[in-house]
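Have a look at the structure below before the remarks.
The values are calculated or read from the model by the stated rules, or taken from the named source; none is laboratory data. Since the structure is predicted, the reported quantities are computational estimates derived from the model, not experimental observations. Heads up, the Cβs are rebuilt from the backbone with ideal geometry, glycines too, and the neighbour counts pull from every protein chain shown. With ligands, DNA and RNA removed, areas are computed over all heavy atoms of the protein, side chains included. Shrake-Rupley method; radii C 1.70, N 1.55, O 1.52, S 1.80 Å.
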Amino acid sequence: TLWGLPPDFTQAQVMRQIDLASAMGVEMFCCDQSWYADSDAAGVGNWEVDMDRFPEGLEPVADYVREKGMEMGLYFESCPHDGTKILREHPEFFFKVDAHGNRHHVFNFGMPDACDYFTELISSFVELLDLRFIRADFGGYPVAKEWPLTWDMIDPDDKIQFAYVQGKYRVWETLLERHPKLMWELNAGGGNSLDLGSMRRHHCCWGSDMMEMDPARMMQLGAASFMPGNFM
């Protein structure tokens, strides 16, 4: 559903997309960002189904996807906006710096409690909807240009980075072990974190948000020189 629908897409619009995808022979159908309350990027951090647009939740969508012979997928991101549920309930899960804007508060995977919260959150949706695909948009590091934040601002002694990476790996590994039928797509800030450790813990990756043909071709060509051709 990425880019093919408006941010506030409804159940009726998604059902139509499912019909079209099935007719094309698609095997996996993923509801991308905006399935949650408040929709689009501003809703990241609510991580609850928008009941105004999906009055019965996502269960009827997932059932219809399977009825059409496909598997169901869902998108998750870990950088919420101000005012969203996770920031209200667990502000301690995020790095504290004055440079933050109103978006992309960076989740601190160096905290075991934060990792456990995120693991259980995703696992609950996997079990509820029998998900077989996760578009995992939380592989990045707080150094991308979108975030007014660098490691030096939060980790002057170079200690937090190790715990952050280890915690992120633990989330992925726990979910993969718990849900062996689940397929993971690495999607980190539009392709800003395709390091080998992250690649090893995913089945495939989203190369970049640059979707034009020439950049996509160059990324495919370059990546295929050292990894399986189906990974990108």
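Side notes on the structure shown:
- DSSP loop chymotrypsin sites (Phe, Trp or Tyr not before Pro) with at most 14 other Cβ within 10 Å excluded, longest remaining stretch of the chain: 4-225
- Exposed loop sites were defined as trypsin sites (Lys or Arg not before Pro) in DSSP loop states (anything but H, G, I, E or B) carrying at most 13 other C-beta atoms within 10 Å; in the chain the longest segment without such a site runs 1-95.
- Candidate aspartates and glutamates - alpha carbon under 12 Å from LYS85, same-chain residues fewer than 8 apart omitted: ASP38, GLU48
- Accessible surface calculations at 1.4 Å, restricted to protein heavy atoms, place the chain at 49 Å² per residue.
- Summed over qualifying helices (DSSP H, 4 residues or more, each -39500 (n - 2.57)) and divided by its residue number, the chain shows a 222 nm mean residue ellipticity of -11000 deg cm²/dmol.
- Taking the DSSP beta bridges with both ends in the chain, the antiparallel portion is around 10 percent.
- Solvent-accessible area assigned to carbon and sulfur over the chain amounts to 54 percent, based on a 1.4 Å probe.
- Of the GluC sites (Glu not before Pro) in the stretch 150-220, the ones in a loop by DSSP (not H, G, I, E or B) with at most 14 other beta carbons within 10 Å are GLU212.
- Taking a straight Cα-Cα cut-off under 28 Å and skipping sequence neighbours fewer than 8 places away in the same chain, the lysines within cross-link reach of LYS159 are LYS96, LYS145, LYS168.
- For the stretch 160-230, radius of gyration divided by Kirkwood radius, i.e. Rg to Rh on alpha-carbons: 1.01
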